Amino acid sequence: MSTADWSYLREKSAERLAPSMAKDHPNLPVVKEEGCYYYGVDGVKYLDFTSGIAVTNVGHRHPKVVQAIKEAADHLTHGPIGVIQYESILKLADELADILPGDLDCFFFANSGTEAIEGALKLAKFVTKRPYVVSFTGCFHGRTQGSLGVSTSKSKYRKFLQPNGLTYQVPYFNPSDPRFLDEEGEVVESSACALLEEEFRNLFKYQVSPEEVAAVILEPVLGEGGYIIPPASWLAKVREICNRHGILLIFDEVQTGFGRTGEWFAAQTFGVTPDIMAIAKGIASGLPLSATVANHKLMQQWPLGSHGTTFGGNPIACSAALATLDVLKEENLLENAKEVGAYARERLNLLKEKYEMIGSIRSVGLMIGIEIIEPHTKKSDGAAVLRILDLALQEGVLFYLCGNEGEVIRMIPPLSVTKEQIDDGLDMLQRALVKYKEETHQPASL
Ligand SMILES: Cc1ncc(COP(=O)(O)O)c(C=O)c1O
């Protein structure tokens with residue numbers, strides 16, 4: 001396509017595409033993707049540290065995945081499961097059961113993260129016959145009405161769309177909460193857990209009885225809310241509270257799944273197993289697929305007709321997922337996520353020592369958040385992040401953002417990324433930081 005055609009389409013996009021979505025940052029026009037790179041309309045090759053928002057964990061257009069998609073399309077493009085049966089969905093369920101923690105072995109396949117969450121909430125309510133759900137402030141679970149009802153990462157997502165059904169919130173782990181920091185500023189885990197107990201005690205005392213609560217839902221690592229990593233003991237405490245009251249625990253592993261944290265799922269990274277899990281994003285390398293997962297016994301209490309789908313578990317998407325799982329195993333990408341993730345963290349800590357605008361580095365595996373602050377006030381600086389993202393893009397690397405005010409640079413490269421590519425990307429980020437400092441007249445000492 002000619003540059004003129006592209007310019008015309010870009011201009012038209014303002015009329016044709018809903019602004020609610022089409023202008024997210026950095027919004028780079030591309031013609032091709034491959035491995036860890038996007039190829040721009042401008043003929044420039046961009047290093048991708050977004051993975052299409054944590055989706056292309058095995059790299060863009062991995063040849064094995066592309067091959068599987070082509071072969072599947074030659075045979076079967078549409079299910080729907082229930083009306084017909086096909087090998088890819090049955091095989092995928094079997095293979096997923098092997099890599100999921102505990103006895104999570106039974107699946108309801110859908111198309112998107114939010115649908116997997118809807119399924120999880122519906123399953124929990126149906127099985128327990130309890131009406132309410134408790135979520136954690138700052139978590140994001142999707143944009144359909146049920147998911148939105150438990151999402152509190154940004155109030156703008158709920159503006160004029162407040163959920164009809166009542167849900168309850170308790171605060172997510174906050175690493176800078178002075179109530180559980182010691183004199184060196186380190187988190188005292190036992191105090192953080194005690195505070196969590198107290199939050200739940202108050203919730204159950206003043207707002208909702210625990211026997212009315214079907215489920216507690218949370219992201220095991222806060223994603224959209226700013227890449228906050230709670231201690232394993234804090235997650236274990238959530239599990240313990242649920243057990244005590246017969247409440248089902250739902251983990252939203254839409255973003256953390258498929259090797260992102262260095263294990264198959266964050267549940268394994270932290271050693272805490274939920275009753276229900278929602279998985280999506282990295283499952284099929286970009287094809288629309290997700291699943292609500294529970295153990296067989298729980299899932300059997302969800303009878304025919306209580307939930308359903310036309311497109312969920314599409315045969316081409318399931319074939320892409322099977323190939324994705326093969327690549328994650330064959331190329332040892334979980335190990336790579338751990339090793340290269342640790343390497344990236346080391347390099348970022350060095351950058352943090354040099355640039356006062358870097359507040360904190362939060363990382364587990366290749367799920368990395370770089371908090372940006374205003375060096376004098378030490379306050380979160382979302383405006384700076386937007387500009388730094390633009391400057392980094394000019395250098396040739398794509399990052400995304402997260403945090404309530406967009407104050408965190410989100411770095412989620414494909415799990416196949418190499419140390420050399422991390423070096424390239426972080427060199428480009430460093431140049432962007434230098435330019436930003438020059439633009440904002442920050443003294444060299446900052
Ligand atoms: C943790 C989490 N849950 C749910 C969702 C919603 O997924 P989707 O956009 O596929 O509906 C997202 C999307 O970013 C997410 O990060």
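The values are calculated or read from the model by the stated rules, or taken from the named source; none is laboratory data. Only a predicted model underlies this, so the values are computations on that prediction, with no experimental measurement involved. Ideal geometry is used to build each Cβ from the backbone, glycine not excepted, and the neighbour counts take in all protein chains shown.
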Could you tell me how many of the residues in the range 140-154 are crowded, with 24+ Cβ neighbours inside 10 Å and farther than 16 Å from residue 219 by Cβ? 0
For the range 171-187, does any single residue satisfy the condition of being at negative phi, assigned to a strand (DSSP E or B) and of a type in the set (A, V, I, L, M)? yes
Among residues of the range 337-359, those that are of a type in the set (S, T, N, Q) and in contact (Cβ under 8 Å) with a residue 24 or more places away in the chain, counted: 0
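Can you say whether residue 212 is over 20 Å from the mean Cα position of the chain (by Cα) and of a type in the set (D, E, K, R), as far as the supplied structure shows?
Considered against the rule, which asks whether it is over 20 Å from the mean Cα position of the chain (by Cα) and of a type in the set (D, E, K, R), residue 212 comes out as yes.
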Only one residue in 24, 5, 103 is of a type in the set (D, E, K, R) and within 16 Å of the ligand (Cβ to nearest atom), so which one is that? 24
Are any of the residues in the range 106-122 under 23 Å from residue 271 (Cβ atoms), within 16 Å of the ligand (Cβ to nearest atom) and either hydroxyl-bearing (Ser, Thr, Tyr) or over 16 Å from the mean Cα position of the chain (by Cα) (or both)? yes
Is it fair to say residue 137 is in the same structural domain as residue 201 (by TED's automatic domain parsing) and surrounded by fewer than 21 Cβ atoms within 10 Å (Cβ to Cβ)? yes
Given (1) more than 23 Å from the chain's Cα centre (by Cα); (2) at pLDDT 95 or above, index of the condition residue 225 fails: (1)
Per the list (1) touching an Asp or Glu at 6+ places or on another chain (Cβ under 7 Å); (2) more than 25 Å from residue 191 (Cβ to Cβ), residue check on residue 212 breaks on (1)
Give the residue that is nearest to residue 252 (Cα to Cα), with candidates limited to residues of the range 186-222 that are of a type in the set (Val, Ile, Thr) and surrounded by fewer than 22 Cβ atoms within 10 Å (Cβ to Cβ). 208
Tell me yes or no: at least one residue of the range 69-84 is within 24 Å of residue 417 (Cβ to Cβ) and either in the same structural domain as residue 396 (by TED's automatic domain parsing) or modelled with pLDDT of 95 or more (or both). yes
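Any residue at all in the range 273-295 that is among the aliphatic types (A, V, I, L, M), in contact with an Asp or Glu (Cβ under 9 Å, 6 or more places away or on another chain), away from the ligand (no atom under 16 Å from the Cβ) and outside any loop (DSSP other than H, G, I, E, B)?
Quick first cut of the range 273-295, residues among the aliphatic types (A, V, I, L, M) only: 276-280, 283-284, 287, 289, 291, 293-294.
In the following step, the residues that additionally are in contact with an Asp or Glu (Cβ under 9 Å, 6 or more places away or on another chain) were identified as 277-280, 293-294.
Pick out the ones that are also away from the ligand (no atom under 16 Å from the Cβ) and you get 294.
Now narrow it down to the ones that are outside any loop (DSSP other than H, G, I, E, B): 294.
Checking the range 273-295: at least one residue is among the aliphatic types (A, V, I, L, M), in contact with an Asp or Glu (Cβ under 9 Å, 6 or more places away or on another chain), away from the ligand (no atom under 16 Å from the Cβ) and outside any loop (DSSP other than H, G, I, E, B).
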Selection status of residue 236, of a type in the set (A, V, I, L, M), within 15 Å of the ligand (Cβ to nearest atom), modelled with pLDDT of 95 or more and not in a strand (DSSP E or B): no
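Search the range 201-222 for residues being farther than 21 Å from residue 407 by Cα and in a loop (DSSP other than H, G, I, E, B), and hand back the single one that is farthest from the ligand (Cβ to nearest atom).
Of the range 201-222, the ones farther than 21 Å from residue 407 by Cα are 201-218.
Restricting the remaining residues to those that are in a loop (DSSP other than H, G, I, E, B) gives 207-209.
Details: 207: 25, 208: 23, 209: 28 Å.
Of everything passing the filter in the range 201-222, 209 is farthest from the ligand (Cβ to nearest atom).
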I'd like to know if the range 168-183 contains one or more residues that are loosely packed, with under 15 Cβ neighbours inside 10 Å and either in contact with a His (Cβ under 9 Å, 6 or more places away or on another chain) or closer than 23 Å to residue 130 by Cα (or both). yes
State whether one or more residues within the range 36-53 are under 15 Å from residue 414 (Cα atoms) and among the polar types (S, T, N, Q). yes
I'm checking my understanding of the structure. Among residues of the range 131-166 that are aromatic (Phe, Trp, Tyr) and within 12 Å of the ligand (Cβ to nearest atom), which one is nearest to residue 278 (Cα to Cα)? 140
Under 7 Å between Cβ atoms, which residue pairs at least 6 apart in sequence (or on different chains) link something in the range 55-67 that is surrounded by fewer than 20 Cβ atoms within 10 Å (Cβ to Cβ) with a partner that is not charged (D, E, K, R)? 64/323; 64/327
Residues of the range 40-54 being in contact (Cβ under 8 Å) with a residue 40 or more places away in the chain, charged (D, E, K, R) and surrounded by fewer than 17 Cβ atoms within 10 Å (Cβ to Cβ), which ones? 45
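Only one residue in 225, 262 is within 16 Å of the ligand (Cβ to nearest atom), closer than 23 Å to residue 412 by Cα, in contact (Cβ under 8 Å) with a residue 24 or more places away in the chain and surrounded by 18 or more Cβ atoms within 10 Å (Cβ to Cβ). Which one? Outline the logic, then answer.
On the way: 262 fails: within 16 Å of the ligand (Cβ to nearest atom).
Within the list 225, 262, the selection yields 225.
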